[in-house]
Amino acid sequence: MLGAIVIAILGVARGARGSSKVQTESQNYNALIECARNMKSAGTYGASGTNLLPAAINRQCIPTTMPVTGTTVSNQFGGAVTLVSTGTGFIFSTAAIPTEVCGGIATDLSQSGAYSTKINGGTGITGPVTVAQADAGCSSDANTIAWTISN
């Protein structure tokens, strides 16, 4: 009986840590996306393929919980973060996302609108990502999620 209680408590604690990581990453990513949206000038984000991270770093938009080295930004899991212009929009991507938080991050950010979400290079999902879609896509120990923002 005591063993079952300990296992249940450990499971809840592990879930709470995962939830906290989802919340932190979602807040970080939303801050970067909002920063990028503020870079739009004359209807564009610059030439397609332009790396927007240096401008985000110069504008001090990178959350303090995200490591910055030169013009490279990482997430809390050590994965690369990219922010690249598509001309009239941009693609925000993040790598090395553990399975236990991938689905939560994918669904959280897809709720904000104007996104197409790709998980591990799969087919783009327009609009909100369902739990089933996130679980099916987040199949790796180190997942990559990319959001295309078109507004």
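The values are calculated or read from the model by the stated rules, or taken from the named source; none is laboratory data. Remember, predicted model here, so these are calculated numbers, not experimental data. In this analysis, Cβ positions are derived from the backbone assuming ideal geometry, glycine residues included, and neighbour counts consider all displayed protein chains.
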- Query: Does residue 142 satisfy the criteria of being in contact (Cβ under 8 Å) with a residue 40 or more places away in the chain, on the phi > 0 side of the Ramachandran plot and surrounded by fewer than 21 Cβ atoms within 10 Å (Cβ to Cβ)?
  - Reply: no
Out of (1) touching a residue at least 60 places away in the same chain (Cβ under 8 Å); (2) in a loop (DSSP other than H, G, I, E, B); (3) crowded, with 19+ Cβ neighbours inside 10 Å, the one residue 129 does not meet is (1)
Flagged pairs (Cβ under 8 angstrom, 6 or more apart or on separate chains; first in the stretch 17-45, more than 12 Å from residue 55 (Cβ to Cβ) and touching a residue at least 40 places away in the same chain (Cβ under 8 Å); second assigned to a helix (DSSP H, G or I) and among the charged types (D, E, K, R)) are 18/100; 22/108; 26/108
The residue from 82, 65 that alone is in a loop (DSSP other than H, G, I, E, B) and closer than 20 Å to residue 143 by Cβ is 65
message: So for the stretch 85-92 (the condition being among the small types (Gly, Ala, Ser), in contact with a strand residue (DSSP E or B) (Cβ under 7 Å, 6 or more places away or on another chain), at positive phi and at pLDDT 95 or above), does at least one residue qualify?
response: yes
Here the residues within the stretch 96-133 that are within 22 Å of residue 74 (Cβ to Cβ) and either among the aliphatic types (A, V, I, L, M) or touching an Asp or Glu at 6+ places or on another chain (Cβ under 8 Å) (or both) are 96, 97, 98, 99, 101, 103, 105, 106, 109, 119
